[in-house]
Every structure is written in C-alpha cells, then in structure tokens.
Amino acid sequence: MNKGIRTSLLIIALASLGTAFSRVALADHDRGYHKQKHSHHYRERVVVYERPIAYAPVVAARPIYRTVAVEVPVDTCRVETVAYRERRGGDSFGGTVVGGLIGAAIGYELGHSSGHAAAAGGVIGAAIGNSASGGGRTVTRYEDREVCQTRYRTEYERRLVGYDVSYSHNGRIYYTETTQHPGDRIRVDVSYGR
C-alpha cells in the first residue's frame with residue numbers, strides 16, 4: 001500500500017475512534033457516571049416514609065387514681081416572755097456636765113484654788129452626775145412576743161393521673177393508657193397493626 005494512503009487511513013481510523021469515544025463519554029455523562037465533574041446537573045432523591053395514622057373509636061375511658069403524699073405546712077405559734085436590756089431613761093449628758101461643774105467647784109475650794117484639785121473634782125463630779133442621771137445603768141425589761149415555727153405534716157390525697165383507654169380497631173379491642181381523656185376517638189399508629 002502506498003504511504004499516503006496508509007496515512008489517510010490512519011487519520012480516518014483515529015477520527016472514527018475519537019468520535020466513538022466522545023459518543024461513549026456523552027452517553028456516560030447522560031447516565032450520571034461523571035457526577036463529580038458535573039454534579040450540578042443531578043439531584044439526589046430523598047424518600048420520606050411516614051407512618052400512616054388513623055383514628056379508632058374509644059370503647060371506654062376509665063380514670064386512674066393514685067394516692068400521693070403531700071407535705072402541708074403547719075404553723076404553730078405561742079407567746080413567750082422575752083427579756084431584753086435597755087439603758088435607763090434620763091439625760092446622762094446633762095447629768096455628767098452638771099456633776100462635773102459642781103465637782104470642779106468643790107475641788108477648787110477644797111484644794112485652795114489649785115488647778116489639779118479642780119480637775120480631779122470635775123472628773124469625780126462628772127462620774128457621780130452621770131450615774132445619778134441613769135446614764136451608766138441598764139435595766140432589764142420583759143416583753144411578750146409571739147414566736148412561730150413551721151412544721152410539715154404529710155397528708156395523702158387521691159389524684160387523677162390518667163385514663164385507662166380501650167378502643168376498637170379492625171374488629172379487635174386494644175388497651176392503652178393516656179394522661180388526658182381521649183374523647184370519642186383516639187389516634188392509632190396503623191404501621192403496627194393497631
């Protein structure tokens with residue numbers, strides 16, 4: 001075969017192969033084999049299965065009572081006599097000043113006009129005047145006060161805690177417990193055959 005013809009046949013063969021490969025690539029692309037490269041063309045399908053719900057007629061709803069313990073506060077009060085101390089009434093400041101002046105005058109006269117004797121007399125007179133006016137004494141007094149104390153007593157009560165419900169579904173009677181009265185029908189999860 002001529003060299004020119006062989007080259008032409010080779011070019012035609014390569015072109016045919018290229019066309020075939022491009023068709024395969026396009027077919028793969030349409031089938032989703034190139035998701036990583038062209039992911040914006042495909043959406044993931046999510047299927048959500050919901051449990052079928054139905055309502056069944058209530059045959060009976062009997063209240064359920066339970067006895068519960070309740071702590072009840074109880075106040076007990078009594079009157080107690082309480083002692084307290086208070087300073088005796090009177091003007092202790094006035095008594096101290098007056099006593100100090102009198103004591104200073106007496107000390108001045110007895111000490112022959114000595115300043116030391118007047119000062120000592122003033123201190124002694126102030127102490128006597130304070131004591132005489134009640135400034136240094138405390139008095140114990142008594143008062144009646146109400147004193148209360150809270151204690152807890154346990155009482156027992158009967159409380160409604162729910163309902164024992166029987167209902168009919170598919171020709172059978174089923175039983176369940178609810179916290180509230182269901183009314184004349186109750187919701188039933190039919191995926192479990194109820």
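Since every read-out is calculated from the coordinates, none of them should be taken as a lab result. Since this is a predicted model, take the numbers as computed values, not measurements. Because the Cβ atoms are built from the backbone with ideal geometry, glycine has one as well, and the counts that use them run over all protein chains shown.
What the table below lists for this structure:
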| item | result |
| --- | --- |
| For Ile186, distant residues with modelled amide H under 5 Å away | Ala56, Val58 |
| Built amide H within the under 5 Å cut-off of Gly162, gap 5+ | Ile64 |
| Per-peptide average of other Cβ atoms within 10 Å, ordering 158-169, 175-186, 72-83 highest first | 158-169, 175-186, 72-83 |
| Distance between modelled label sites at Val161 and Tyr142, nm, 7 Å Cα→Cβ extension | 5.5 nm |
